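Asks: The structure's right below; bear with me while I get my questions together.
The values are calculated or read from the model by the stated rules, or taken from the named source; none is laboratory data. Because the structure is a prediction, the values reported are computed rather than measured. Every residue, glycine as well, gets a Cβ built from its backbone with ideal geometry; the counts of neighbours run over all protein chains shown. For accessibility, only protein heavy atoms count, side chains too; no ligands or nucleic acids. Shrake-Rupley method; radii C 1.70, N 1.55, O 1.52, S 1.80 Å.
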Amino acid sequence: MKKSILSIALLATLPSVAQLKASVTLDNESAKQTINKEIYGQFAEHLGSCIYGGIWVGEDSSIPNTNGYRNDVLKALKELKVPVLRWPGGCFADEYHWTDGIGPKENRPVMVNNNWGGTVEDNSFGTHEFLNLCEMLGCEPYISGNVGSGTVEELAKWVEYMTSESGSPMAKLRKENGREKPWHVKYLGVGNESWGCGGTMRPEYYGDLFRRYSTYCREYDGNKLYKIASGASDYDYDWTETLMKNVGTRMNGLSLHYYTVKGWDGSKGSATKFTNDEYYWTLGKAIEIESVVKKHIDIMDKYDPEKKVGLLVDEWGTWWDVEPGTNPGHLFQQNTMRDAFVASMTLDIFHKYTDRVKMTNIAQIINVLQSMILTKGNLMALTPTYYVFKMYSVHQDATYVPVKVQCERMAADGDRIVPYLSATASRDKNGVVHISLSNTSLDQKEEVTINLDGLKVKSVAGEVLTAGCVDDFNSFENPELVSTKKFDGAKITKNGLVVTMPKMSIVTLELK
Ligand code: AHR
């Protein structure tokens, strides 16, 4: 990686030795909130090769598959413990007509994916294929309904088709299509980005549409729905204000989209070629999500102090230029240690707001933006971000243990301050405590002293994700260049737990 010649102003003087010092203090008494496992949610859109080629290859494919789903991908996703999967979009959702994706495959009409490169799709992956996949993965489905170009009746009937037990016309149709029992579907998105690709609406108008569409999405045979309104983009606090004022607790959840992106016009920068300055800028932009989430939460608190309405960050992650030579409409990008830090630091932040943040969905699960998995033909590579999600899966549904972090920080481009240490902790149902730490420094080790706040610990084990260079990535030729290894840099001492972290590393410790 090219060393930047632009100066980086240090807020605190760096020690002369090539080692940083930091401390983390647990607050066990204040550990009360559960880290909703849905914070580890994923997003799968009909975009590029996320669905077709990434998840679904069809039963006749030469790529090893189970009923049309790639075996390698299924295995990797099961190991990731995906709690919830959002589908079919994104922007795609507001042009998707679900009836085109049911029944015998040879009768399904083809469609043009207008949002994403004009690709022609054969609708062979539809409602049955998605909901069966969720059952195979043991995750909750999150259906994103069409409000932009679909009717109230269409959405109402989709809910009936998926969840009604028997006796209704849509249940009859589902049975004719081979599925006797309804699926369990809890999460229902009523439109996506309704301020943009989902209909270019004003918040007042969309709020009324939400009230209207959601009225007719019935709860059949004990299937409880969690209805999610299309929320704001990044800093659009007016959207949240208007929705909270006009819809309030009629919605169960309100979404928010936040991408770590340089800007929407022109180049977004390469996923794999960047300077040190660009690396730190990226981390600064990623953790800015904390102030954004806080401001949206403050607005929600004003109208809903009991926190009945969840905030769902149902799209987040890095957005770079597509890989050279790939279709610009398919958003296929590589993934380095830089992306891994965006993931770990963002998850650390989400844990803090778990009383309001009920779900998040990184964009996207395979072959699109900040993916877990990349595929090319029959080849597959797991990304550094995949390994962060896997290491962090121990925090799912555990009790959040607040932490106080003291560390050196630096000023990246603009006003963004980047800490050299990010941390989070949780206690699982067996009393095992997990602590995740990210040393963001590109060139210095970090000695982290952890004050356990009275916690008695007999043993400590860990895993580490690091790389030779921050721009290392897992290619199809070298798919395991960046992956987790056993970590033995943590020692129990009389002053607490002392962890020596390699430069540019992410560690998860298990304390028993
Ligand atoms: O994730 C890619 C796109 O980003 C989604 O389709 C859309 O909702 C957002 O603008």
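Asks: For the chain, what proportion of DSSP beta bridges, expressed in % and rounded to the nearest 5, is antiparallel?
Replies: So the antiparallel bridges in the chain amount to around 60 percent.
Asks: Mind running the shape call on segment 318-357? Use the C-alpha gyration tensor, a ≥ b ≥ c as the square roots of the eigenvalues: rounded below 1.5 for a/c, prolate if a/b tops b/c, oblate otherwise.
Replies: Oblate is the answer for segment 318-357, as a/c is 1.5 or above yet b/c matches or exceeds a/b.
Asks: List the residues of segment 479-510 whose backbone N lies under 17 Å from a point placed 7 Å from the Cα of Thr25 along the Cα-to-Cβ direction.
Replies: The answer is 495-498, whose backbone nitrogens lie closer than 17 Å to the label point.
Asks: In addition: How large is the dipole of segment 308-369 about the Cα centre if only Lys and Arg carry +1 and Asp and Glu carry -1, each at its Cβ, rounded to the nearest 20 debye?
Replies: On the way: 5 positive and 7 negative charges, 66 e Å.
Around 320 debye, computed over segment 308-369.
Asks: Stretched out fully, how many nm does the piece from Thr200 to Asp443 gain, at 0.36 nm a residue minus the Cα gap? Spell out each step's value before the answer.
Replies: Working: separation 243, 0.36 × 243 = 87.48 nm, distance 4.58 nm.
Net length gain for the segment: 82.9 nm.
Asks: Classify the chain as rounded, prolate or oblate from the Cα gyration tensor: take a ≥ b ≥ c as the square roots of its eigenvalues, call it rounded if a/c is under 1.5, otherwise prolate when a/b beats b/c and oblate if not.
Replies: It comes out prolate by the Cα gyration axes.
Asks: For each pair in Lys294/Lys376; Lys75/Lys485; Lys32/Lys491; Lys308/Lys458; Lys21/Lys75; Lys81/Lys512, compute the distance between the two Cα atoms and list the pairs where it is over 29 Å.
Replies: On the way: Lys294/Lys376 39 Å; Lys75/Lys485 20 Å; Lys32/Lys491 27 Å; Lys308/Lys458 40 Å; Lys21/Lys75 39 Å; Lys81/Lys512 22 Å.
Exceeds cut-off: Lys294/Lys376; Lys308/Lys458; Lys21/Lys75.
Asks: Estimate the FRET efficiency between Arg212 and Lys302 by the formula 1/(1 + (r/R0)^6), using the beta-carbon distance for r and 22 Å for R0, to the nearest 0.05. Let's see the in-between values first.
Replies: On the way: r = 25 Å, r/R0 = 1.13.
About 0.30, to the nearest 0.05.
Asks: Further question: Between Asn132 and Thr34, what is 0.36 nm times their sequence separation minus the Cα-Cα distance? Round to one decimal in nm.
Replies: This chain segment gains 32.4 nm when fully extended.
Asks: Provide the FRET efficiency to the nearest 0.05 for the Ser291-Thr493 pair, computing r from the beta carbons and using R0 = 30 Å. Walk me through the numbers on the way to the answer.
Replies: Numbers: r = 36 Å, r/R0 = 1.20.
Plugging the Cβ-Cβ distance into 1/(1 + (r/R0)^6) gives 0.25.
Asks: At a 4.7 angstrom Cβ threshold, list every cysteine in the chain that has nobody to pair with, or say none.
Replies: Taking the Cβ cut-off of 4.7 Å, the unpaired cysteines of the chain are Cys50, Cys134, Cys139, Cys217, Cys407, Cys469.
Asks: Straight-line reach from Lys307: which aspartates and glutamates have Cα under 13 Å away, leaving out those fewer than 8 places along the same chain?
Replies: Of all the aspartates and glutamates, those that pass the test against Lys307 - Cα under 13 Å, at least 8 places apart if same chain - are Asp298, Asp355.
Asks: With n ≥ 4 as the cut-off for DSSP H runs, can you work out [θ] at 222 nm for the chain, using -39500 (n - 2.57) per run divided by the number of residues, rounded to the nearest 500? It would help to have the intermediate numbers written out before the result.
Replies: Details: 10 runs with 116 residues, N = 512.
The helix-only estimate for the chain comes to -7000 deg cm²/dmol at 222 nm.
Asks: Additional query: Pull out a ≥ b ≥ c, the square roots of the eigenvalues of the alpha-carbon gyration tensor of segment 97-214, then state rounded if a/c is under 1.5, prolate if not and a/b is larger than b/c, and oblate in the remaining case.
Replies: Verdict is oblate for segment 97-214.
Asks: Any idea what the relative contact order of segment 413-512 is, in percent, if you count C-alpha pairs under 8 Å spaced at least 6 apart?
Replies: Once normalised by length, the contact order is 39 percent.
Asks: Next question. Which loop-located GluC sites (Glu not before Pro) does segment 127-181 contain, where loop means any DSSP state but H, G, I, E or B and the Cβ has at most 14 other Cβ atoms within 10 Å?
Replies: Hits after loop and neighbour filter: Glu165, Glu180.
Asks: Projected onto the charge dipole of the chain (+1 at Lys/Arg Cβ, -1 at Asp/Glu Cβ, origin at the Cα centre), which of Met391, Thr242, Thr200 gives the Cα projection farthest towards the positive end?
Replies: Met391
Asks: Using θ = phi - 60° and the Karplus relation 6.51 cos²θ - 1.76 cosθ + 1.60, list the HN-Hα couplings for segment 41-56 in order, rounded to whole Hz, with x at every Gly or Pro.
Replies: Result, ordered by residue: x, 10, 9, 10, 10, 6, 8, x, 10, 5, 7, 7, x, x, 9, 10 Hz.
Asks: Note down the net charge around Asn115, summing +1 for each Lys or Arg and -1 for each Asp or Glu among other residues with Cβ under 11 Å from its Cβ.
Replies: Summing Lys/Arg as +1 and Asp/Glu as -1 gives -4.
Asks: Relative to the present Cα-Cα distance, how much length would full extension add between Lys486 and His184 at 0.36 nm per residue of separation?
Replies: That works out to 104.9 nm of additional length.
Asks: For the pair Ser61 and Asp397, how long in nm is the line joining their label points, each one 7 Å along Cα→Cβ?
Replies: 3.0
Asks: Indicate, rounded to the nearest 5 percent, the antiparallel portion of the DSSP beta bridges found entirely in segment 52-208.
Replies: Rounded to the nearest five, the antiparallel share is 40 percent.
Asks: Under a point-charge model restricted to the Cβ atoms of Lys and Arg (+1) and Asp and Glu (-1), what is the dipole moment magnitude of the chain relative to its Cα centre, in debye to the nearest 20?
Replies: So the magnitude is around 1420 debye.
Asks: Another one. Count the net charge of all other residues whose Cβ sits under 12 Å from the Cβ of Lys268, scoring Lys and Arg as +1 and Asp and Glu as -1.
Replies: -1
Asks: Please work out the FRET efficiency for the pair Glu153 and Lys224, using the Cβ-Cβ distance as r and a Förster radius of 25 Å; give the result to the nearest 0.05.
Replies: 0.70
Asks: Treat each spin label as a single point 7 Å out from the Cα along the C-beta direction, and report the Ser166 to Lys429 distance in nm.
Replies: It works out to 3.3 nm between the two label points.
Asks: Could I ask something else about it? Could you let me know the centre-to-centre spacing of segment 45-59 and segment 229-274, using Cα atoms, in angstrom?
Replies: For segment 45-59 versus segment 229-274, the Cα centre distance is 26 Å.
Asks: With a 1.4 Å probe and every protein chain left in place, tell me how much accessible area Cys217 has, in Å² to the nearest 10.
Replies: Using a 1.4 Å probe on the heavy atoms, I get roughly 0 Å².
Asks: Next question, about the same structure. Give me the 1.4 Å probe accessible area per residue for segment 403-507, excluding ligands and nucleic acids, in Å².
Replies: For segment 403-507, the per-residue accessible area is 47 Å².
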